[in-house]
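Reading through the structure tokens given below for one structure.
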Amino acid sequence: MTEMNSSPNSFERSSSSKCVDMLKQALPKLIPFFKTFCIYFILWLPEAKNPSILGAVIKILPIISLCGFVIMQGLHFHDYNSCILLGLIFSMFGDIFIVWEHTHFQFGVISFGIAHLCYASAFGFRPFNPLVLIGLLILTLNTYSLYFPNLDGSFVGTVAGYMLMITVMIWRAITGLQISFCSQAGQWTKLCACVGAISFGFSDFILGVNKWHFPIPYARAIVMVTYYNAQLGIALSCFTPSQVKLSKAKE
């Protein structure tokens, strides 16, 4: 009985220790991201009202930093890291288009939709767990109903398609947590992916409500903080135990 009671506790301590160890290993490689993140908010250049190339470059610098972080973890054709990198690249295109949102917002929505499909592909489709999908689709439909009265023309279909794609991405990230409890090696990856995906959904919810339902104070700041947090979480999911072991071996 003593062994059975202590086993879960030792597993939790081991998992917690491993996550802390991995975070310590990853943080130095994320310094460029944190620096460019701070630069974006310090400069706080206007976007929609006065878009500029400089504003677009400053906006995508944190994502470029995360691309570099993912590349450092190693890439192979159509593996997890490659799909995440592709999602980050399409996100950069989305960021650029949305700087000129009065003329190119729809292209930004499409770019981010493709990014979500890349992320969903990386997260995988096992276990399937349709109940989680059904629950998320109900939330998505309710949210879409808030936007619908103020959507015009092709935005009716584009926004609906985008919301379906991000719903699928969040679904795959959440269901991935089921695997992580059975495998210590997968806990870090699945947890970071899930936190990132949910943060992405919250960021888009604030953006959508502010644009198509009612104005939200400090909406841009909330959207960008949660957006960068989302991309950070998803990129961090590429930092697996194998990288930690390799780093320790070099030391």
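The values are calculated or read from the model by the stated rules, or taken from the named source; none is laboratory data. Because the structure is predicted, anything quoted here is derived from the model rather than measured. Using ideal geometry, Cβ is built from the backbone for each residue, glycine included, and neighbour counts are taken over all protein chains shown. In case anyone asks, the SASA skips ligands and DNA or RNA and just uses the protein heavy atoms, side chains included. Shrake-Rupley method; radii C 1.70, N 1.55, O 1.52, S 1.80 Å.
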* Accessible surface of the chain [probe 1.4 Å, protein heavy atoms]: carbon and sulfur percent -> 72
* **Helical contribution to [θ] at 222 nm, DSSP H n ≥ 4, -39,500 (n - 2.57), averaged over the chain, rounded to 500** => -27000 deg cm²/dmol
* **Residues Phe202 and Ile42, FRET efficiency given R0 of 30 Å [Cβ-Cβ distance, rounded to 0.05]** => 0.80
* Relative contact order [Cα under 8 Å, 6+ residues apart], the chain, whole percent -> 20
* Note the full-extension length gain between Phe128 and Ile31 as 0.36 nm times their separation in residues minus their Cα-Cα distance, in nm to one decimal. => 31.3 nm
* Asked: Using +1 on the beta carbon of Lys and Arg, -1 on that of Asp and Glu, and nothing else charged, what's the dipole of segment 50-197 about the Cα centre, debye to 20?
  -> 320
* **In sequence order, calculated HN-Hα J values of segment 59-64 (Karplus, 6.51, -1.76, 1.60; Hz; x Gly/Pro)** => 5, 8, 4, x, 6, 4
* Structure fact -> Once phi for every residue in segment 169-174 is put through the Karplus expression 6.51 cos²θ - 1.76 cosθ + 1.60 (θ = phi - 60°), the whole-Hz ³J(HN,Hα) values, with Gly and Pro written as x, are 4, 5, 4, 5, 5, 5
* Asked: Non-local amide H neighbours of Asp79 (under 5 Å, H modeled in plane, Pro and chain starts lacking H): which ones?
  -> none
* **Length added when fully stretched, Ile216-Asp79, from 0.36 nm per residue minus Cα-Cα** => 45.4 nm
* Asked: What size of dipole, in debye to the nearest 20, comes out for the chain about its Cα centre when the only charges are +1 on Lys and Arg C-beta atoms and -1 on Asp and Glu C-beta atoms?
  -> 460
* To do: Could you state how much accessible area Lys24 has, in square angstrom rounded to the nearest 10, with a 1.4 Å probe and all protein chains kept in place?
  => 140
* Which pairs in the list Lys35/Lys190; Lys24/Lys211; Lys29/Lys190 are over 29 Å apart, alpha-carbon to alpha-carbon? -> Lys24/Lys211
* Residue among Phe33, Gly94, Ser203 farthest towards the positive dipole end of segment 21-237, charges placed on Cβ -> Phe33
* To do: Determine the per residue accessible area of the chain with all protein chains present and a 1.4 angstrom probe, expressed in square angstrom.
  => 52
* Asked: Of Ser82, Ser145, Ser154, which is the most mobile in a GNM of the chain whose springs link Cα atoms less than 10 angstrom apart?
  -> Ser154
* Of Ser199, Ser52, Ser237, the one that fluctuates the most in a GNM where the chain has Cα springs shorter than 10 Å -> Ser52
* **If the convex hull is drawn through the Cα atoms of the chain, its volume per residue in Å³** => 149
* Have a look at Val225, Val195, Val109 and tell me which one the Gaussian network model of the chain (Cα, springs below 10 Å) gives the largest fluctuation. => Val225
* Provide the gained length on full extension for the span Val209 to Leu146, in nm with one decimal, where the gain is 0.36 nm per separating residue minus the Cα-Cα distance. => 21.9 nm
* Structure fact -> Whole-Hz Karplus couplings 3J(HN,Hα) for segment 190-198, θ = phi - 60° and coefficients 6.51, -1.76, 1.60, Gly and Pro as x, run 5, 5, 4, 4, 5, 4, x, 5, 5
